[in-house]
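Values quoted throughout were computed directly from the atomic coordinates according to the rules given, and no laboratory measurement underlies them. If you're wondering where the values come from, they're calculated on a predicted model, not measured in any experiment. Counting neighbours? That spans all protein chains shown, and the Cβs are built from the backbone with ideal geometry, glycine included.
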Amino acid sequence: MSDDPRTVYTHSHFPLLNETNYPEWIIRLEAYLIRRGLWFGVVVIATETAPESVVSDPVALAGWVEKQWLKRTAEKMAEARAEIILKVDDSQLPHMTSRDPKVILEDLARVHMARGFATRLSLRRQFSRLVKGGGETMSGWIGRVKKFAFRLQSIGVTVSEEDKIIALTNGLPESYDPLVTALDATPADELTLTYVIDRLLNEEVRRNGREEEVKIEMAMVAAASQKNNSSQTSLSQRKCWNCDQVGHVRAQCKEPKKIEDTADARRGQAHFVVDRPAERLEVLRQPGYIL
């Protein structure tokens, strides 16, 4: 890897600027340019670094800032402009005409932040109608609500903690109604956004634990059922040693019990155990059989 600091962060990737993602994009771009050493002194002048002698005098401070703008090098400005251009999609290229990266970012802010009243109302309606997806995790749902709130705030819409709590709880499935009812009964001084988020995450953990228990129980039942079916199948295919019929074993056989030993088997003889007297007599009359 090259030691040149200009190449260390060239592989930083984030979504290109389009018509919908300016609030997130500008935060990532600022971080990216800071790491490249192309933000302070190139796109932004940090007044915190001004001498104490001019900080308290607005006119003097403005003059100092103006001098800092003039000190920017053409090379740094061109490099910052190139990085910005590479981080936007084609729809944003018409805003890249200026050679000054500061002016480019000001134009982008003006275009993307200037939302009409109808757009603001539309976004507020969308925010109030957000719904948690069936397979969406609780952390994903919370992140989605926060992201939408951030977009509203980026165009000048005030989104309070109460607004976020309402959006979070209104968009939950009906199975969460008992939890929402409990939250409604929480004292106002305790019902903070952090408290609600903690309760939602804990509820998901509890439910996941119960689902895991149910899965284990179902797996055990299925295994037992499979073992029982396997046993039944095996029994139906076995042959009785006593009557040579298939479907049961000697212990379940209803025919007279036949006992063979090695000596009798060689003579073609077999022993029968007969419990009923009438049957015993009948056996005695048969040649080649003994009790």
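Remarks
- Along each principal axis, Cα extent of segment 5-113, largest first, Å: 44, 33, 23
- Segment F150-Q245, length gained on full extension (0.36 nm per residue, minus Cα span): 26.3 nm
- Computed label-point distance, nm, for sites R124 and S98 using a 7 Å Cα→Cβ extension: 3.1
- HN-Hα J in Hz across segment 60-66 - Karplus 6.51, -1.76, 1.60, θ = phi - 60°, x for Gly and Pro: 5, 5, 4, x, 5, 4, 4
- K132, K67, K76 arranged by Cβ crowding within 10 Å, fewest neighbours leading: K67, K76, K132
- Pairs from K76/K146; K67/K102; K132/K164 whose Cα-Cα separation, in the structure shown, is over 25 Å: K76/K146
- Relative exposure of H13, H248, H95, judged by other C-beta atoms within 10 Å (fewest first): H13, H248, H95
- Under 5 Å between amide hydrogens, built in the peptide plane, is the criterion, and for V88 it picks out L17 among residues at least 5 positions away or on other chains.
- Computed Kirkwood radius, in angstrom, where 1/r is averaged over Cα pairs of segment 23-84: 12.7
- The coefficient of translational diffusion for segment 74-132, derived via Stokes-Einstein from the alpha carbon Kirkwood radius under 20 °C and 1.002 mPa s, stands at 158 µm²/s.
- When the alpha carbon gyration tensor of segment 117-208 is reduced to an equivalent ellipsoid, the three semi-axes, largest first, read 23, 15, 11 Å.
- Formal net charge of residues neighbouring T192 (Cβ-Cβ distance under 15 Å; K, R +1; D, E -1): -4
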